[in-house]
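I have placed the structure first, in the form of structure tokens, so that the comments after it can refer back to it.
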Amino acid sequence: MKETVSFFIFLFFLSCSSEDTGVKLNNEPNDTIILPIVVHIIHSGEEVGDGSNISEYRVFEQIESLNNDFRKRKGTLGYNTHVLGVDTKIEFKLAEIDPQRQKTKGINRINSYDVTIKTDPDNPPLPFDLLPQYAYWNPEKYINIWVLKGPKDLFLGSSQFPYAKIPGLQNPLNTIGTGIFINTLHFGKSDIDSKINLGRTLTHEMGHFLGLEHLWGKKESSDCLEYDDYVKDTPPVGHSNTDCDNTELSCNGESSILIHNYMDYSPDACMNMFTKGQAERMRYVLENSTDRKSLATSNVINRY
């Protein structure tokens, strides 16, 4: 994997290391939206279940955790009793039909030594220019998730934002591919010595993929002047949180910061909520975004 170092250098600039939405849904979120996923596991030739060639069980467990979080399921780490916390009515399912119309489990394994990555030294590629060279399924039908090993706690993941005619989403990066990258070490539950080991990195990055900003917007600022995540019911904050016991007040001085929100940098153990405004923004994207709305009707999964 001779291009791995370069990949993580470029990833650094995009990774998780943007006024009121004004969105109006066509319908109240009563119907559950189910979206298809393919997980591309990029490994170094290990046997299945070893090293970066993670097991099927770990993938299945990660998708279950993702659904627990988005659906606010009782009895799971994704459940909360916060007055602002909601069930987004968005679910995810591993693809059942591959691009050749053959049955699949939604898991695609790629030995990195079998792939030659093309780069231009004069025009360094962005991560979502490099990742599709390993594998890329039709983004109108699948959410592409690439799982590739990187440094622990330094590169957690990265996501490509959608395009939609609402604040914060009208200037996405122009890259070859669109999808989500997750560091193997932070994909699903793992025994690594880290506060980010329960699979919440994918929940956070999926929020970005569906149009959510960090709670503080695009740029951290101690005086809150840069605050703007375009969601009305998330109290304004100027910086990220990394502590489950933080009792700090938000910028308005009236409410506590949402340390349990998936769009913060809190430890996995205390993340457990999306707000109603965040859910509405994501569902608006799925109804209106030119590069996301086809996922809700993709024919690569059984929705019954």
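Readers should treat all values here as calculations from the given coordinates under stated rules, not as data from a laboratory. What you are looking at is a predicted structure, and each value in this text was computed from that prediction instead of being measured. All Cβ positions, glycine included, derive from the backbone under ideal geometry; neighbour counts span all protein chains shown.
Numerical summary
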| item | result |
| --- | --- |
| Distance violations [Cα-Cα > 23 Å] among 72/93; 93/141; 72/141 | 72/141 |
| Kirkwood-type radius of the stretch 178-304, with distances r between different C-alpha atoms, in Å | 15.8 Å |
| Over the chain: helical MRE at 222 nm, DSSP H runs n ≥ 4 each giving -39500 (n - 2.57), nearest 500 | -5000 deg cm²/dmol |
| Cα gyration tensor shape for the stretch 157-203, rounded if a/c is under 1.5, else prolate or oblate | prolate |
| Value in Å of the Kirkwood radius, where the chain supplies the Cα pairs that are averaged | 19.6 Å |
| Among the listed pairs 105/189; 152/276; 165/232, those beyond 22 Å (Cα-Cα) | 152/276 |
| Ratio of the Cα radius of gyration of the stretch 138-248 to 2.2 N^0.38 Å, where N counts its residues | 1.16 |
| Cα shape, the stretch 94-182, gyration tensor, a/c 1.5 rule | oblate |
| Kirkwood estimate for the stretch 24-176, i.e. one over the average of 1/r between Cα atoms, Å | 18.0 Å |
| Amide H within-cut-off set for residue 92, under 5 Å, with H built and near neighbours excluded | 35 |
| Inter-centroid distance (Cα atoms) of the stretch 287-303 relative to the stretch 145-222, Å | 20 Å |
| The stretch 155-304 - charge dipole about Cα centre, Lys and Arg +1 at Cβ, Asp and Glu -1, debye rounded to 20 | 820 debye |
| Size of electric dipole in the chain: Cβ of Lys, Arg +1 and of Asp, Glu -1, about Cα centre, debye, nearest 20 | 1040 debye |
